1. Just to be sure, is Asp36 of a type outside the set (Lys, Arg), open to solvent by less than 80 Å² (accessible area, probe 1.4 Å), out of contact with any Asp or Glu (no Cβ under 7 Å at 6 or more places or on another chain) and more than 22 Å from Ser295 (Cβ to Cβ)?
2. I'd like the residue in segment 119-129 that is open to solvent by less than 40 Å² (accessible area, probe 1.4 Å) and in contact (Cβ under 8 Å) with a residue 12 or more places away in the chain and, out of all such residues, is farthest from the chain's Cα centre (by Cα).
3. Within the bounds of segment 23-32, is there any residue that is closer than 30 Å to Arg183 by Cα, in contact with a strand residue (DSSP E or B) (Cβ under 8 Å, 6 or more places away or on another chain) and open to solvent by 30 Å² or more (accessible area, probe 1.4 Å)?
4. Taking only segment 189-240 into account, find how many residues are in a helix (DSSP H, G or I) and in contact (Cβ under 8 Å) with a residue 12 or more places away in the chain.
5. Does segment 328-336 contain any residue that is under 30 Å from Leu151 (Cβ atoms) and small (Gly, Ala, Ser)?
6. If you check Ser191, Ser211, which single one turns out to be more than 20 Å from Pro159 (Cα to Cα), open to solvent by less than 40 Å² (accessible area, probe 1.4 Å), among the small types (Gly, Ala, Ser) and out of contact with any Leu (no Cβ under 7 Å at 6 or more places or on another chain)?
7. Can you tell me which residue among Arg93, Arg45 is in a helix (DSSP H, G or I), open to solvent by 50 Å² or more (accessible area, probe 1.4 Å), touching a Cys at 6+ places or on another chain (Cβ under 7 Å) and not hydrophobic (A, V, I, L, M, F, W, C)?
8. Which residue out of Val138, Val153, Val132, Val144 is at pLDDT 85 or above, exposed (fewer than 14 other Cβ atoms within 10 Å of the Cβ) and of a type in the set (A, V, I, L, M, F, W, C)?
Amino acid sequence: MTEASLYDQILDFSNRANPWPLYEKLRSQPVWQESDGTFVVSTYREIYALMHDPRLSSDMTNLLPQFADRVPPAEGPHSFITTDPPRHDVLRRLAMRQFGPPHRPDLIDRLTPALSGIVTGLIDKIAEKQEVDLVDEVAYPFPVAVICHLLGVPPEDEPKFSAWVNPIVNALARPTPEQVQARDDARQQMSNYMFELAQRRRTEPGDDMISGYVTDDSPDGRLEGGDLFATLMLLLIAGHETTVNLITNGWLTLQRHPDVLERLRTEPRFAIRLVEELLRYEPSVHILPFRTAVSDIEIGDTTIRKGHPIAVMLASGNRDPECIPHADRFDPDRADNVHLSFAGGVHYCFGAPLAAWRRRSR
């Protein structure tokens, strides 16, 4: 039996807890081509260059015909993260318009009391407990409540989303036919829900993002139809899934570094550097699996060929010792902390401004 490739081993759930030795091996060759034609990019410089290269495409319809079955097409429209400029730019501007400056510069300021109230309520519920499931009782409910509050989803509907989100997330990399079917069913149910909610906000608008999307006439027009629903599904999923992972991974890392945890308790402003290091050291997203090239790309000593699938290994780049000194050391005091956890280029993380505001506000 042929031994699984390094990339396949990284995708294997049994290696999820500690993929770092595999990433180290992968970086011995910055651009690695799998037997199925996928190019795997694993080192910091190459990842950074690739994400700022206009020849890198997020539109998988640019794959060559022999790869068309790699990502089975889902029913319905695609969000801006799966499109390229210029369409991507228009959709992203429309989405960002309701998220912050310049159209809504005070959005996050006004959200602060609600954030504090949500966190306080969750902590109060676990304060007297001897044993707590951090994911179920803090890491999951907090970001879900926040993104639902931002979008205007009624709190009583929040429990529906875990049933929809899990099948979608589970089908991100090389899904089985069963996972594809579960994903498409979940997307359809979420789309139906969002359609009904958007209809209500058109007749009874509030001070939330969905109301803004369906009532605001921007220079680019409005988000409508499939573009609206694809954007709302993206924000609901990406707006909480990555934060759940960061909170959980962050707490586990702090348990392994009790000196850092104690310092955080006595130095609140230390949280700024700590969060940046957690983003680098234990990122929420390890791989961007759905990229291709619209023309040949020379990178390192390799040519990524037009129309081939590309997997961008963000977590591996975050631990690249060629660019990050002592990359395997958890060190919140490191100077000039650089990481790839928000990706880069035109697809730089939509939610990063919220994280940046939180760091400045401390």
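The values are calculated or read from the model by the stated rules, or taken from the named source; none is laboratory data. Model, not experiment: these values are computed from the prediction. All Cβ positions, glycine included, derive from the backbone under ideal geometry; neighbour counts span all protein chains shown. Quick note on the areas: whole protein, heavy atoms, side chains included, nothing else; ligands and nucleic acids left out. Shrake-Rupley method; radii C 1.70, N 1.55, O 1.52, S 1.80 Å.
1. no
2. The qualifying residue farthest from the chain's Cα centre (by Cα) is Ile126.
3. Scanning segment 23-32, I find at least one residue that is closer than 30 Å to Arg183 by Cα, in contact with a strand residue (DSSP E or B) (Cβ under 8 Å, 6 or more places away or on another chain) and open to solvent by 30 Å² or more (accessible area, probe 1.4 Å), so the answer is yes.
4. Within segment 189-240, residues that are in a helix (DSSP H, G or I) and in contact (Cβ under 8 Å) with a residue 12 or more places away in the chain number 33.
5. No, every residue in segment 328-336 fails to be under 30 Å from Leu151 (Cβ atoms) and small (Gly, Ala, Ser).
6. Every option except Ser211 fails the conditions.
7. None of the other options fit; the residue is Arg45.
8. Being at pLDDT 85 or above, exposed (fewer than 14 other Cβ atoms within 10 Å of the Cβ) and of a type in the set (A, V, I, L, M, F, W, C) holds for just one of Val138, Val153, Val132, Val144, which is Val132.
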